[in-house]
1. Can you give me the number of residues within segment 66-84 that are modelled with pLDDT under 75 and surrounded by fewer than 16 Cβ atoms within 10 Å (Cβ to Cβ)?
2. Could you please let me know if Leu47 is open to solvent by 40 Å² or more (accessible area, probe 1.4 Å), more than 21 Å from the chain's Cα centre (by Cα) and farther than 30 Å from Arg117 by Cα?
3. Identify the residue in segment 85-96 that is surrounded by 13 or more Cβ atoms within 10 Å (Cβ to Cβ) and farther than 12 Å from Arg117 by Cα and, among all such residues, is modelled with the lowest pLDDT.
4. Could you grab the pairs with beta carbons closer than 6 Å, sequence gap of 6+ or different chains, first residue in segment 56-73 and within 21 Å of Glu99 (Cα to Cα), second one among the aromatic types (Phe, Trp, Tyr) and outside any loop (DSSP other than H, G, I, E, B)?
5. Yes or no: Thr56 open to solvent by less than 50 Å² (accessible area, probe 1.4 Å), polar (S, T, N, Q), farther than 17 Å from Tyr112 by Cβ and assigned to a loop (DSSP other than H, G, I, E, B)?
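The values are calculated or read from the model by the stated rules, or taken from the named source; none is laboratory data. Please read all numbers here as calculations on a predicted model, not as lab measurements. Glycine gets a Cβ as well: all are built from the backbone with ideal geometry, and neighbour counts include every protein chain shown. Note: areas computed on protein heavy atoms with side chains; ligands, DNA, RNA excluded. Shrake-Rupley method; radii C 1.70, N 1.55, O 1.52, S 1.80 Å.
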Amino acid sequence: INGSSTAVHHIIKAGMVEVLHANDQLRIQMRKGRVFKGFDEQAIHFLPTFKLLPRTQEYHLQRVPSWTDRILHKTMRTAHSRHQHHCVLKPLYYRSIKELDCSDHRPVVAGYEIHIRPSSDASTSSKQAGKHGNSKCIIS
C-alpha cells in the first residue's frame, strides 16, 4: 500500500478501507498494464494481511501493512473470438483467515463457481472436446 507506515496504520484504525484500496500498489500497476496482464482479482473486503505480530491482530509498527498474499485469476479467450470465454468464473468469496495467526502473514482463500461453455467454432470445439463432449477448463 502506498504511504508511510504511520499513515497506513492510521487509515486502518479509522476504517478508511476505500483509501487503502485506492493506494494498493498491485492494483495500480495492474490498471497501468505493467504487471499480470489479463489477470483479475476479486474485490478485497478484508484488512491487509501483512505485517502482523504473530498470535495477535496487531500490525508491526515499523512496516507498512499490505496485501501481500493474493489470488489472481485469468480465463483464456479463444483465438476465433476475443470476447467469448470458454470458462466463466463466478466469484463466491475472497477472504483472509484471521484465526491462522502463527505467522506475520494471514493466509487468504478464494472460491469460484466455474461455468464451462463449448466453443461456438466446430473445429475448435472438436479439438477441445473430450470423449464425452466436454470443453476443457484449466485451473492453475
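1. We begin by selecting, within segment 66-84, every residue modelled with pLDDT under 75; these are 76-84.
Now narrow it down to the ones that are surrounded by fewer than 16 Cβ atoms within 10 Å (Cβ to Cβ): 76-77, 79-84.
The total comes to 8.
2. For Leu47, the condition - open to solvent by 40 Å² or more (accessible area, probe 1.4 Å), more than 21 Å from the chain's Cα centre (by Cα) and farther than 30 Å from Arg117 by Cα - is not met.
3. Pro91
4. The qualifying pairs are Pro65/Tyr59; Ser66/Phe50; Thr68/Phe50.
5. Values: open to solvent by less than 50 Å² (accessible area, probe 1.4 Å): yes; polar (S, T, N, Q): yes; farther than 17 Å from Tyr112 by Cβ: yes; assigned to a loop (DSSP other than H, G, I, E, B): yes.
When the stated conditions are applied, Thr56 passes them.
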